[in-house]
Amino acid sequence: SFGRGLINVLEMNGAGGVPNNLRPDARYTTQNQVVNFAHSSYHSLQTSFQRRFSAGLDLSAFYTYSRFRDDWSADAFSTVAGLINTGANAETGFQGGGSAWIARPRGSDRGYSDYDTPHNFTLSHIYELPFGKGRRYLANAGPLAQAVAGGWSLSGMLIWRSGQRVNLTLGRDIDDDGSATRDRPALLSGSINDLYSNGRYDRTQYLIPQNLAAQVLGVPANVTNPSAALERNPIRAPRVQTYDLSLLKRFSLGERVASSLEFNAFNLFNRANFAGPSGSVSSSLFGIATRTLTISRQIQLGLKVSF
C-alpha cells in the first residue's frame, strides 16, 4: 500500500531557537504551514495457518514480513523543518539567517517509519484436555470424577515481533534552524551495525556507550545538506517476545446457570521487553533502554457465572 499527499506541518519561519531578526520573515516568530507533502510505502507478505485437530487441539499462526518507509510518522501537529539555513555552520552560536533560507527538499526526512515491524509472528492455541465425558480418558467415570476432571481447557498466545525503530540525533543545533532535537549525525566510520553492543554489556545497554558512539557518529561534513546525515530511524530496538497462558474449567450449575473458573498468567516467563534506547549522542544515556513495552508477569484467578 502507498500513501501520497499525507499531511505534515512545516516550519516556514525557523524553529523557536532562531533569533527573530534573522528569521525569513522578521515580523513573526514561528509559522507553521499544513501541507500534503508526506509519502509512505508499505510492502508485506502475510501468511496464516489455522487447523483444528481431532484430539481437541486448535492452532492458529500468523506471520507478516514487511517493510514500511515514510517521510514522517508523527501526527499532523508535529512539525518538521521546511527550510534550510544555507549560512549555517556547526560552530557555537547562530550563523546565517536573514536571506540565507531556502526550501528544504521534499523527501529529506524519508526513512524507516516509526511503525516499521519487518517480522511479526503470533501463535495461539486452545487444547481441550482429554478428560471427562466425550474425551479419551475418564469418559465413563462417575459424576464426581466428571465434575473434577472434565471441562478443562488450556490456551495460550505467543507473540514474537521485531523491536521499535530508533532515531539517532546529535542533540544540538548544528544546522542553525532553531531546533536542537532533530539534527541527525553522519556515520564517520564503519557501518551502522557497529553501534549495537551485541551483548557486551547488560541488556539495558543495547547500543555501545556514548564515549564509543562519539567516535562513530559525528557532525556531517556539510551541515546544510540533509543527505549528508544518516536517514531517519536507522536503529532497531530489541525484539519483543511474550507468552500468555490461560487454564479454564467449565462446569454447569443447572440448566440455566453455567460457570467457569479461570487461571490466567500474562507474560508467563516474565520477560523484560525493552523499548528503544536513547538515540541522542549528546546524552549520557545514549544506547540505554530506560523503560519496557510489556507488563511484568501478572497472575489472575477469576470466577465467572453466566445465567
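The values are calculated or read from the model by the stated rules, or taken from the named source; none is laboratory data. Everything numeric here is computed off the predicted structure, so don't read it as measured data. Reconstructed Cβ throughout: ideal geometry from the backbone, glycine too, with neighbour counts over all protein chains shown. Accessible surface is based on the protein model in full, side chains and every heavy atom, while ligands, DNA and RNA are left aside. Shrake-Rupley method; radii C 1.70, N 1.55, O 1.52, S 1.80 Å.
Before moving on, here are some points about what is shown:
- Electrostatic tally near Phe266: other residues with Cβ closer than 13 Å to its Cβ, Lys and Arg +1, Asp and Glu -1, net 0.
- Solvent exposure of region 5-86 amounts to 58 Å² per residue of accessible area, where only protein heavy atoms count and the probe is 1.4 Å.
- The relative contact order of region 187-233, computed from alpha carbon pairs under 8 Å that lie at least 6 residues apart in sequence, is 40 percent.
- Accessible surface ranking that places the most exposed of Glu128, Glu255, Glu11 first, with a 1.4 angstrom probe: Glu255, Glu128, Glu11
- Averaging over all projection directions, the Cα-based convex hull of region 29-160 occupies 14.9 nm² in the image plane.
- Per-residue ³J(HN,Hα) for region 84-94, Karplus 6.51 cos²θ - 1.76 cosθ + 1.60, θ = phi - 60°, Hz, x for Gly and Pro: 10, 8, 5, x, 6, 8, 7, 5, 5, x, 7
- Out of every Cα-Cα pair that the chain contains, those further apart than 37 angstrom amount to 38 percent.
- Summed residue charge, Cβ within 15 Å of Asn20's Cβ, Lys/Arg positive, Asp/Glu negative: -2
- Summary value for region 1-133: 29 percent relative contact order, contacts being C-alpha pairs under 8 angstrom separated by 6+ residues.
- Dipole check for the chain: with +1 at the C-beta of Lys and Arg, -1 at the C-beta of Asp and Glu, and the Cα centre as origin, the magnitude is about 1440 Debye.
- Average Cα contact separation per residue, the chain, under 8 Å, 6 or more apart, as relative contact order %: 16
- Shape of region 1-77, Cα gyration tensor, a/c cut at 1.5: prolate
- Solvent-accessible surface of region 139-256, taken per residue with a 1.4 Å probe and all protein chains present: 50 Å².
- Three semi-axes of the equivalent ellipsoid, region 78-148, Cα gyration tensor, whole Å, largest first: 74, 12, 9
- Remark: spin-label model distance Ser306-Leu212 equals 5.5 nm, labels positioned 7 Å along the Cα→Cβ axis.
- This model, with +1 at the C-beta of Lys and Arg and -1 at the C-beta of Asp and Glu, gives region 30-88 a dipole about its Cα centre of some 300 debye.
- Net length available on complete extension from Asn270 to Gln46 is 77.8 nm, with 0.36 nm assigned per residue and the Cα-Cα distance removed.
- Divide the volume of the convex hull around the Cα atoms of region 122-261 by the residue count and you get 201 Å³ per residue.
- Coordinate range along principal axes, alpha carbons of region 220-307, Å, largest first: 79, 23, 15
- Accessible surface of the chain, 1.4 Å probe, proportion on carbon and sulfur as whole %: 54
- Distance in nm between pseudo-label sites at Thr30 and Thr122 (7 Å out along the Cβ direction from Cα): 3.7
- Protection proxy ranking for 48-57, 168-177, using the average of other Cβ atoms within 10 Å per residue and placing the highest first: 168-177, 48-57.
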